[in-house]
Every structure is written in C-alpha cells, then in structure tokens.
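Input: a single structure, listed below in structure tokens.
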Amino acid sequence: MLLSHPQRVEALTCGVGDIAARLGEPTRPARWQARLIAMLIADQDFPQPLPLMIGRRLITDAHPRSKWSRVAVDQWFDDRIAPDTAARIDRAAQAAAAGDMDARADALGLRLVAGGRR
C-alpha cells in the first residue's frame, strides 16, 4: 500500500508528544515536554528539531509543534540502550516478525518446501 504525502511525512518525523511518551512523560503538557526536550538538546546531545515556521519567523528551538527526524531520534534512544538489552529487543522483534510471516503464510495456505518449522 502506498502512503499519501502526509502519511509519508508523519512516518519520517515525530513530535514532542511522541518523544515525551518514549521518555515516560506522555501526560505532561506539550510546553513542559518541549522544555524537557530543549534540556536534552542542550545537555544530552539530543537531535535538533526540523525548522518550524511560526508567523513570519523560522524557529529552530524545541517548540510544542516541532518535528524531529524519526531516524535521528531512534538513533539517540538506541545509543542509550545497553548492548545486551538491544540484542534481546532485536531477538524479540525477529521472533514476532517470524510469527507474523508464519501466520500470513498459513492464512494463504502456503507451506515451506524445505527447512523451517514444518
């Protein structure tokens, strides 16, 4: 399925609320979340937001309506996960993906010719 332009942009970016949720602060007001992210930018090398136009000004600071590159944010979070934890997360994701593929193959009546669990 092809994504429309707004869906593609949304898939490539994340906002203040998305980041705050990953930090365990999903219910705080957006202005509080933006201040927290501004502190992370200043003190923890968190990625800068994409430029945002408000009125006739271009804002490059964290703002409640700011957006970030999802790849840059994911990398920042990934860099803070211990290697053994990251490996467990990867294995769990691989097992979930394999289960999804098996379920889809079963739904289509497909069977493996050689190897696998069959």
What FRET efficiency would be calculated for the residue pair residue 59, residue 107, taking the C-beta separation as r and a Förster radius of 41 Å, to the nearest 0.05?
0.30
Build a GNM of the chain with springs between Cα atoms under 10 Å: which of 43, 102, 61 gets the top mean-square fluctuation?
102
To the nearest 20 debye, what is the magnitude of the charge dipole of the chain about its Cα centre, counting +1 on the Cβ of each Lys and Arg and -1 on the Cβ of each Asp and Glu?
380
What is the distance, in nm, between label points placed 7 Å from the Cα along the Cα-to-Cβ direction at residue 23 and at residue 52?
1.3
Could you tell me the convex hull volume per residue, in Å³, taken over the Cα atoms of the chain?
156
Of 109, 47, 76, which is farthest on the positive side of the dipole of the chain, counting Cα position, with +1 on Lys and Arg Cβ, -1 on Asp and Glu Cβ, and the Cα centre as origin?
109
So how far apart, in nm, are the two label points at residue 41 and residue 80 if each is 7 Å from Cα heading toward Cβ?
1.6
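The numbers here are math on the coordinates, done by the rules we state, and not lab data. Everything quoted here is computed from the prediction, not taken from an experiment. No Cβ is skipped: glycine too gets one built from the backbone with ideal geometry, and neighbour counts run over all protein chains shown.
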